[in-house]
1. Test Asp42 against the stated conditions and say whether it is away from ligand 1 (no atom under 14 Å from the Cβ) and in contact with a Leu (Cβ under 9 Å, 6 or more places away or on another chain).
2. Among residues belonging to the range 273-284 that are surrounded by fewer than 24 Cβ atoms within 10 Å (Cβ to Cβ) and within 14 Å of ligand 1 (Cβ to nearest atom), point out the one that is farthest from Gly225 (Cα to Cα).
3. Restricting the first residue to the range 154-175 and requiring it to be over 30 Å from Ala124 (Cα atoms) and β-branched (Val, Ile, Thr), which pairs with a second residue that is within 14 Å of ligand 1 (Cβ to nearest atom) and in a strand (DSSP E or B) meet a Cβ separation below 7 Å and a spacing of at least six or different chains?
4. Taking the range 90-127, which residues are away from ligand 2 (no atom under 16 Å from the Cβ), on the phi < 0 side of the Ramachandran plot and among the small types (Gly, Ala, Ser)?
5. Of everything in the range 61-89, what is within 16 Å of ligand 2 (Cβ to nearest atom) and among the polar types (S, T, N, Q)? Give them in sequence order.
6. Within the range 220-264, take every residue that is of a type in the set (A, V, I, L, M, F, W, C), within 27 Å of His153 (Cα to Cα) and away from ligand 1 (no atom under 16 Å from the Cβ) and give me the one that is surrounded by the fewest Cβ atoms within 10 Å (Cβ to Cβ).
7. Any idea which residue in the range 278-289 is farthest from ligand 2 (Cβ to nearest atom), counting only those that are out of contact with any Ser or Thr (no Cβ under 8 Å at 6 or more places or on another chain) and among the aliphatic types (A, V, I, L, M)?
8. Just for the range 202-216: of the residues that are buried (at least 20 other Cβ atoms within 10 Å of the Cβ) and among the β-branched types (Val, Ile, Thr), which one is farthest from Leu70 (Cα to Cα)?
Amino acid sequence: MVQANSEPLSLADYERAAQAVLGERARSYIGGGATDAITLADNQAAWSRLALAPRVFTGVAEPDPSVTVLGSRLPHPLIIAPTAFAALTHPDAEPGIARAAAATATTICLSTLASTGPAALARAVPDCRRWFQLYVFSDRGVTGELIAAAEAHGYDALVLTADRPVLGIREAELRHAVRGGEPAADGAVGGAAPADFSARIDPGVTWADVERLAAQTRLPLIVKGILTASDARRALASGAAGVVVSNHGGRQLDTTLSGADALPAVADAVGDELDVLVDGGIRRGTDVVKALALGARAVMIGRPVLWGLGVAGSDGARRVIEILLAELQNALALTGVARAAELDGSVLAPAPWARR
Ligand code: FNR
Ligand code: LAC
């Protein structure tokens, strides 16, 4: 008898499996988009609106997926996006994600609102390559402590999130009362619970603050949540080393452009001076190829890592990354490109199915 294989084979399989095992609260927190979730859906759809134009007989047997980000060679372009409160999803939480990152040579970007603080994560998984995502608090002393902790504990970059001056309106979250009872952080950020932090994020941050932060830290500063060329130029002028083209996974302002649609103008404007990254809806190796072809140096992956974590803890998070890496390798080989870093617009073509 032929045995059916019920192992999850794709990120979509992990999403389905996660829906089945996660409680309502975690499901609505992870899955939720702002208001009508139009941007949430379009983040993924936008990658499918691009067609690939492969080259054949290029003799590429083993494509090289490595890229250069912030002057360092990374073995591949996947970076784990910062996501808050992983303990809501699985007790392995951020250390579990970091172990998955270490096992796959992936960089993890730890959220300010993580269930594990920057020092504790570094102690738990010292061998993971790590960045720290920064929110600026009304109390600049707390922000300073976070920066000092990131600098002291081996974080290679600060990722300053720009698109959350206030929280987006997420009805699923509101229905399931996600906020208010989140698991407490480890006290690395002054001992308060993340729910309190969330309320203390300063809604009045300006480019002048960005300039001050860039001058205050010896770490490269990446501004996350940029959707226009003009803001990318402001980031450059303010001392940033990079930007992440992102709409926060469709969780903040609904009906913005997707990462895929906003990326070309940003890459055009600052791609020679800044490292441009992108996130939102990346679910297949072909999506990663398209992101790099449109001018990104690397991509961030948000929800899929949490689906893996929810289904099987650290092992599940690792499998999700392994699947995406195998798909990327396959897509590079079939596109006929020797090196991921060489991808450009010549592998893209207008997609007939995207015409209206
Ligand atoms: C996020 N995101 C996020 N971003 C950030 O800068 N700080 C944070 O604390 C969080 N928290 C967070 C929690 C959860 C549950 C999700 C799903 C997302 C946004 C995240 O970094 C990233 O931009 C998106 O998740 C990318 O889109 P995909 O890959 O989830 O489609
Ligand atoms: C979120 C905040 C924490 O997206 O960034 O939930």
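1. So Asp42 fails the test.
2. Of the range 273-284, the ones surrounded by fewer than 24 Cβ atoms within 10 Å (Cβ to Cβ) are 273-275, 283-284.
Keeping just the survivors that are within 14 Å of ligand 1 (Cβ to nearest atom) gives 283-284.
Numbers: Arg283: 19, Arg284: 22 Å.
Ranking the qualifying residues of the range 273-284, first place goes to Arg284.
3. none
4. Gly96, Ala98, Ala100, Ala101, Ala102, Ala103, Ala119, Ala120, Ala122, Ala124, listed by residue number.
5. Filtering the range 61-89 down to residues within 16 Å of ligand 2 (Cβ to nearest atom) leaves 80-89.
Within the range 61-89, Thr83, Thr89 qualify.
6. Here the residue is Leu236.
7. Val288
8. Val205
The values are calculated or read from the model by the stated rules, or taken from the named source; none is laboratory data. Nothing here was measured: the structure is a model prediction, and the numbers come from that model. Counting neighbours? That spans all protein chains shown, and the Cβs are built from the backbone with ideal geometry, glycine included.
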